[in-house]
Amino acid sequence: MTDEHRVELESELLSMNALALEDRRKLLRQRRIELARGNARQVDDGATIEIVEFLMDGDSYAFDLEFLLEARPLTNVTSIPLAQSFIKGVIPVRGMVVPVIDLLAFIGHRVKERHQVYNKAIILEDGQQLLGVMVDEVIGVREVKVDQFQEAFHSGTIGRLDFFKGISNERMILIDSKRVLADKRVRPDKTEQN
C-alpha cells in the first residue's frame with residue numbers, strides 16, 4: 001500500500017467517523033433497500049445483505065445487521081410481573097432499561113422443550129426503540145446473497161410468517177427486524193406513561 005493510498009483511506013475513514021449516527025443509519029438503510037428491493041427473486045444474483053446469525057433451540061436465524069446495536073451476555077434480567085409470556089424481563093443497556101423477549105414465543109413458534117438455556121442477547125434498535133432478543137449462541141456477522149432466500153412457507157411449527165423475510169438454502173431464517181421492533185406488543189405506548 002502506497003502512502004498516497006493510505007492517506008486516501010485514512011481520509012475516508014475520518015469522514016465516515018464524522019457522519020452522525022443517524023446519517024450512517026440512513027446510508028445503511030438506503031444500501032439495504034437498494035440491495036433487497038423488497039423481494040429476493042427480483043434482485044440481481046450478486047446482491048448481498050449483511051446479517052448477524054444466531055442459534056435458538058438448535059435452529060439458525062438471522063437479523064439484518066442494520067438493526068444490530070450489540071450482542072452481549074444475558075445477565076441482570078429483571079422479571080416484570082404480569083408481562084406477556086414472551087417478555088422475559090428487562091436489562092440495563094447503555095444506561096437504558098431494555099425489554100428482553102423470547103423471539104420464538106413472540107412469533108408463535110411451537111417448541112416442545114428447550115434444548116439450551118438462553119445465555120446471550122442480541123440488542124436491536126431502530127432509532128426509537130431498543131429491544132433485547134434472547135439467543136442460545138451468536139454465530140457471527142456475515143454477508144449473504146439475497147437471492148439465496150426463498151419465501152417462508154407455513155409448516156405448522158414455525159409461527160407467524162409475517163415476521164420472516166425468508167429462508168435460505170442453508171435453512172437459516174431471516175427475521176424481519178423492522179417488523180419485530182415495530183410490533184406494538186414490544187413497543188411501549190408513550191401516551192399511557194403518566
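The values are calculated or read from the model by the stated rules, or taken from the named source; none is laboratory data. Everything numeric in this text was worked out from a predicted model, so none of it was measured. Reconstructed Cβ throughout: ideal geometry from the backbone, glycine too, with neighbour counts over all protein chains shown. Protein only, heavy atoms only, side chains kept; ligands, DNA and RNA dropped before computing areas. Shrake-Rupley method; radii C 1.70, N 1.55, O 1.52, S 1.80 Å.
Numbers for the structure displayed
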quantity: Count - residues of the range 168-194 that are at pLDDT below 85, exposed (fewer than 15 other Cβ atoms within 10 Å of the Cβ) and aliphatic (A, V, I, L, M); calculated: 0
quantity: Any hit, the range 117-135, residues being modelled with pLDDT under 85 and part of a loop (DSSP other than H, G, I, E, B); calculated: yes
quantity: Filtered residues of the range 73-102 (kept if open to solvent by 40 Å² or more (accessible area, probe 1.4 Å), closer than 18 Å to N119 by Cα and among the charged types (D, E, K, R)); calculated: K88
quantity: Sole residue being surrounded by fewer than 18 Cβ atoms within 10 Å (Cβ to Cβ) and under 14 Å from E125 (Cα atoms), chosen from E66, E70, E50; calculated: E70
quantity: Test: residue in the range 136-155 that is modelled with pLDDT under 80, more than 25 Å from R187 (Cβ to Cβ), crowded, with 21+ Cβ neighbours inside 10 Å and not polar (S, T, N, Q); calculated: yes
